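The values are calculated or read from the model by the stated rules, or taken from the named source; none is laboratory data. Being a predicted model, the structure only gives us computed values, none of them experimental. Backbone-built Cβ (ideal geometry, glycine too); neighbour counts: all protein chains shown.
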Ligand SMILES: [Zn+2]
């Protein structure tokens, strides 16, 4: 089932979602076709022979070499989580549809789980949002970098200083944004603004022949002849010249910074990419291909599709060596 498949039983509002997913069988019936679009498959060995143990809502693989049990959560970001699917689905709904993001404290209060569990839950949902495997960007494309963290004020002065001195701002992370006008955005945390860092990302992301607008950072020089590249010189207070500008990304940066400052208060640089992915997901999934704005339920389904096959243990999340499954308190 994809996001465009109409399903009468699919909830349309948060209240309907909470009611619908409070029923464990509803959760299961909703998730099975998303998790296994080609039929239920043992996540341990790939066998399609299984027995369903209805009382525990788990399956037992009937392959002789395997014989293991699995649940709907096995092999997904939900694996090893003691939280029920009702809590997972409510949290996914909240994240998919909160325009300015949602903090672990809000999820803690809304779901009645510990803040630590809520934090872990949110990070795993963000992992599910990273499935933005859309094709290359084309047409009119903007590329720009921004600094996140450190002092909020004087961002432009800092940015100019960085360009003059070629150093990153102290305590700031650098983010590269690539936006197709009227289309999707892709953001990446980068270690520096050197040509050798930026250009491979641009080439991997943007179809050759596209028109690219940037500012006058030297690292963008040499994108021609693969692209139609034009730059505006922000240092000389030139922001728009005909169709050459990075206003789309400037708007996106302010959206992103409002979300990070207002909702998340502080973001450790190590985790920054997850927040970037969350904001990009909401931005990229706002409309259907035909331009029609998606409903809350459709965005929720998009996200539920991302949870399949992705796992993130607590240790991996906190940067410790992954010693296998971790059960949270
Ligand atoms: Zn098996």
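Structure above, values below:
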| read-out | value |
| --- | --- |
| Some residue of the range 78-93 being crowded, with 16+ Cβ neighbours inside 10 Å and within 16 Å of the ligand (Cβ to nearest atom) | yes |
| Residue within the range 22-45 that is part of a helix (DSSP H, G or I), within 16 Å of the ligand (Cβ to nearest atom) and at pLDDT below 90 present | yes |
| Residue 159 being surrounded by 13 or more Cβ atoms within 10 Å (Cβ to Cβ), at pLDDT below 90, within 21 Å of the chain's Cα centre (by Cα) and not in a strand (DSSP E or B) | no |
| So residue 2, is it modelled with pLDDT under 90, more than 16 Å from the ligand (Cβ to nearest atom), surrounded by fewer than 16 Cβ atoms within 10 Å (Cβ to Cβ) and under 24 Å from residue 126 (Cβ atoms) | yes |
| Any chance residue 93 is under 23 Å from residue 260 (Cα atoms) and either touching a helix residue (DSSP H, G or I) at 6+ places or on another chain (Cβ under 8 Å) or modelled with pLDDT under 90 (or both) | yes |
| Qualifying residue in the range 68-84 (condition: touching a strand residue (DSSP E or B) at 6+ places or on another chain (Cβ under 8 Å) and part of a strand (DSSP E or B)) | yes |
| Residue that is nearest to the chain's Cα centre (by Cα), among those in the range 89-131 that are under 28 Å from residue 25 (Cβ atoms) and not in a helix (DSSP H, G or I) | 129 |
| Residue 125 vs. criteria within 16 Å of the ligand (Cβ to nearest atom), within 21 Å of residue 35 (Cα to Cα) and touching a helix residue (DSSP H, G or I) at 6+ places or on another chain (Cβ under 6 Å) | no |
| Among (1) surrounded by 14 or more Cβ atoms within 10 Å (Cβ to Cβ); (2) away from the ligand (no atom under 15 Å from the Cβ); (3) under 22 Å from residue 129 (Cα atoms) - the single one residue 57 does not satisfy | (3) |
| Any chance residue 169 is touching a helix residue (DSSP H, G or I) at 6+ places or on another chain (Cβ under 8 Å), within 30 Å of residue 229 (Cβ to Cβ) and modelled with pLDDT under 55 | yes |
| Matching entry among 111, 14 (being within 24 Å of residue 286 (Cβ to Cβ) and away from the ligand (no atom under 16 Å from the Cβ)) | 14 |
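One line per residue, one yes/no per condition, for (1) crowded, with 18+ Cβ neighbours inside 10 Å; (2) more than 12 Å from residue 144 (Cα to Cα):
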position	(1), (2)
211	no, yes
219	yes, no
222	no, yes
226	no, yes
229	yes, yes
232	yes, no
239	no, yes
243	no, yes
252	yes, no
